[in-house]
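The values are calculated or read from the model by the stated rules, or taken from the named source; none is laboratory data. These numbers were taken from a predicted model, which means no experiment stands behind them. Methodologically, a virtual Cβ is constructed for each residue, glycine included, from the backbone with ideal geometry; neighbour enumeration extends over all protein chains shown. These accessible areas exclude ligands, DNA and RNA; they are computed on the full protein's heavy atoms, side chains included. Shrake-Rupley method; radii C 1.70, N 1.55, O 1.52, S 1.80 Å.
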Amino acid sequence: LRQDDPAKPCEIECHPDHCKSMTSRPFMDVSNVDLHDPPLKKYDGVVIATKVLWSKDRHILKEMFCLLNAAYNRHVHYDLLVFTTEPWTEEEIHELAHVVSPAKLTVVVEGPSLEDHVASMDEQEIKFLYERCNVKADEKITWFHHCKEKDSHLVNNLGYAWQSEFRAYHIWNHDALKNYQYMMWIDSDAMCTQHWETDPIQMFIENELNLMFDHFPGGFTRNEILKEKMMSAYGKSLCKVSMTEMGLLEPTWCREQDLKPSVRQVYGFNHITRLDVYRSEKHQKFLKTLVSDYRFSRRWDDQLAVTVPAVMEDPEKAWDMRKHGIHLGLHHNTMIDGKEKGTHLSYVKWWTHTGKKKWAVGRAMCDGLIIELK
């Protein structure tokens, strides 16, 4: 074997950026490893989706999708969809498609450019946005300007604020999703750590669920305006959301004198949704109202937008994965499935010290892609 940089070893799978001159590589046939009995059924109308800001995020997508393929998707080859804020070149799309093949990959710009967003705003809206994001008079606003919400300690860059608004409302009727009925969402930095013994899509569809999630709660929203928004759309308001011992979401409804609901919400890094529920007129009315205060707000979270419609529709059709025997083992924000602290804060460190030693298929398929990004 030859490699271009001895400090960056090529293991079972070489990384193309630093192992270009390898004349051969070790090979492990994984086609008969970690098979399901009976084999997994591929259901119609399913897509696995995620979102990034731009093509510079494609390495983390290679890593995430490769690991997902090793854990699950190589058995069913569901379509993969990447929403991006800034466009990619055809070469960049092809680069990612090579990693996920034979699954179909679509990379789609999710909405207008920032320039077009600003051009559609009136003078007062622009003034409010620029003040909130501390944009100086001689400065051009970018997705990387950090913006603060009034009466909040939260500060987020504009790109993050937009993704929250997009995922809360605009995503559900996006053209790229029009041919799908079920969407598994997985954040680009949510990494598989093991083979998936149980098929979450099968459980979701066979039980006619509307929402299934990896973790609850993922924060909460406490705001009197939220009650007004729910009353406007549904004629009733949640005051609290909890989870039963059986792993079902359970509502507590507001009385007239309850002015400020405190709604705990599903963690947004991984969930499955029935798209027709979220596209329905009553839920679209709520979601549009939810984000209607002003453009690029982080006041309302996309996690809230996933939780409220599911509870309003039928809380018994909103299931926690773990409580129903599904252990995905997703490493995200230092946690496993949002529940247990990971043995290493960094996925790369976990992979180096533990993951590649215990997960043979993951190593065979993805080892060369898992590197510390600079």
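General observations
- Cα gyration tensor shape for the stretch 46-93, rounded if a/c is under 1.5, else prolate or oblate: prolate
- Local electrostatic count, residue 39, Cβ distance below 15 Å [Lys/Arg +1, Asp/Glu -1]: -1
- A protection proxy built from the mean count of other Cβ atoms within 10 Å ranks the segments 85-96, 354-365, 300-311, most packed first, as 300-311, 354-365, 85-96.
- Kirkwood Rh, angstrom, the stretch 52-173 [1 / mean 1/r, Cα pairs]: 16.4
- If the convex hull is drawn through the Cα atoms of the stretch 85-149, its volume per residue in Å³: 123
- For the stretch 107-184: span of alpha carbons on each principal axis (Å, largest first): 44, 28, 21
- Quarter of the Cα convex hull surface for the stretch 227-374, i.e. its orientation-mean projected area (nm²): 12.0
- Descending semi-axes in Å of the chain, equivalent ellipsoid built from Cα gyration tensor: 36, 27, 18
- Mean separation of Cα contacts under 8 Å, 6 or more apart, over the residue count of the chain: relative contact order %: 21
- Relative to the globular-protein estimate of 2.2 N^0.38 Å, the Cα radius of gyration of the stretch 150-189 stands at 1.49.
- Of the residues 111, 55, 297, the one whose Cα sits farthest toward the positive end of the charge dipole of the chain, with +1 on the Cβ of Lys and Arg and -1 on the Cβ of Asp and Glu, is 297.
- Stokes-Einstein D in µm²/s, Kirkwood radius over Cα pairs - the stretch 168-223 at 4 °C with 1.567 mPa s viscosity: 91
- Counted charge near residue 225, where neighbours are those whose Cβ lies closer than 10 Å (Asp, Glu -1; Lys, Arg +1): +1
- Annotation: average projected area of the stretch 134-275 is 12.5 square nanometres, based on the convex hull of Cα atoms across all directions.
- For the chain, calculated [θ]222 nm from helices alone, where every DSSP H run of n ≥ 4 adds -39500 (n - 2.57): -8000 deg cm²/dmol
- Residue-normalised accessible area of the chain, expressed per residue, 1.4 Å probe, Å²: 48
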